[in-house]
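As structure tokens, the structure follows; a few thoughts come after it.
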Amino acid sequence: MKLYTSPIGPSPRSAKILFSLKDIMPEIIEVDILRAENRQTEFLSINPAGQLPFVVTEEGITIAELSAIAEYLDEIKPDPSLSGLTATDRAVTRMRMRQCDFLIFAPMVLGYRHGEGRRFFDGRIILHDEVSAPAKLIAQEGLAWLDPLLEKQDYICGDMLTYVDVIFYTTLAFFDKQGQSIDPSLKNIAGLMARLDTHDVLGKGA
Ligand SMILES: N[C@@H](CCC(=O)N[C@@H](CS)C(=O)NCC(=O)O)C(=O)O
């Protein structure tokens, strides 16, 4: 299996953690994200979404999107599971992933791309001046929605670490440094981030 990735960016960092947690060692192909190599024809022919990371399976199939990659890794090597041990657990994981994506990750990404990240994204995507500020507010509303759901559990989907925690951790840690910090009154989210900071594989050095 080949993993096309980069040494920088929250999603490549998530991929590194996911592969580490699964103890799977893919062939690594580093793509120069700063020079937008990922947006050039050669890479678009492999991954039309133009983003990193993505996997190319032994059969030559491209799998992009961290959640799809994580579920694929769980299918080919179930232990340790990052999606959940039962059909119900896995459904809960997919549910929370989609909710986090729509309510938190996507608006955070839009807030950055159309705001602080404009210079980087200029020429890669169409930029709109009016997008950044409301997108950041929507992401904060999403975090405020999630916070009480974590009151009685250690992780986003319950008492087991899943790929949603990995993606959440790297995404929030990255955007925290880009002007989208976590409201300290969201105690459960702050607690989750602190817990993940001390995790052997996720931790700050990963
Ligand atoms: N939803 C995607 C996000 C991928 C993503 O945003 N990748 C960023 C790196 S963190 C990227 O490729 N940025 C460079 C670009 O868009 O040109 C996933 O789950 O993999």
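Numbers for the structure displayed
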| quantity | calculated |
| --- | --- |
| Computed label-point distance, nm, for sites Gln153 and Lys2 using a 7 Å Cα→Cβ extension | 3.8 nm |
| DSSP-assigned coil residues among GluC sites (Glu not before Pro) in region 110-184, each with at most 12 further Cβ atoms within 10 Å | Glu130, Glu151 |
| Cut-off under 5 Å, modelled amide H: who pairs with Ile29 long-range | Leu3, Tyr4, Thr5 |
| For region 142-158 and region 30-70, distance of Cα centres in Å | 31 Å |
| P(r) weight above 18 Å for region 87-197, C-alpha pairs, percent | 49 percent |
| Debye, to nearest 20: dipole size of the chain, +1 on Lys, Arg Cβ, -1 on Asp, Glu Cβ | 380 debye |
| Per-residue ³J(HN,Hα) for region 38-53, Karplus 6.51 cos²θ - 1.76 cosθ + 1.60, θ = phi - 60°, Hz, x for Gly and Pro | 5, 9, 8, 3, 4, 7, 5, 6, 8, 10, x, 6, x, 10, 10, x |
| The chain - share of DSSP beta bridges that are antiparallel (%, nearest 5) | 60 percent |
| Net length gained if the chain between Ile61 and Arg195 were fully extended (0.36 nm per residue, minus Cα distance) | 44.7 nm |
| Hz values of 3J(HN,Hα) by residue in region 100-117 - Karplus curve (6.51, -1.76, 1.60), Gly and Pro given as x | 4, 4, 5, 8, 10, 5, 4, x, 4, 4, 5, x, 6, 4, 8, x, 4, x |
| Under the Karplus curve 6.51 cos²θ - 1.76 cosθ + 1.60, θ = phi - 60°, whole-Hz ³J(HN,Hα) for region 82-90, x wherever Gly or Pro sits | 10, 10, x, 8, 10, 4, 5, 4, 5 |
| Dimensions in Å of region 2-76 - Rg and Dmax from alpha carbons | 11.5, 34 |
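Rule-based calculations on the coordinates, nothing more; no lab input. Everything quoted here is computed from the prediction, not taken from an experiment. Note: ideal-geometry Cβ built from the backbone for every residue, glycine included; neighbour counts use all protein chains shown.
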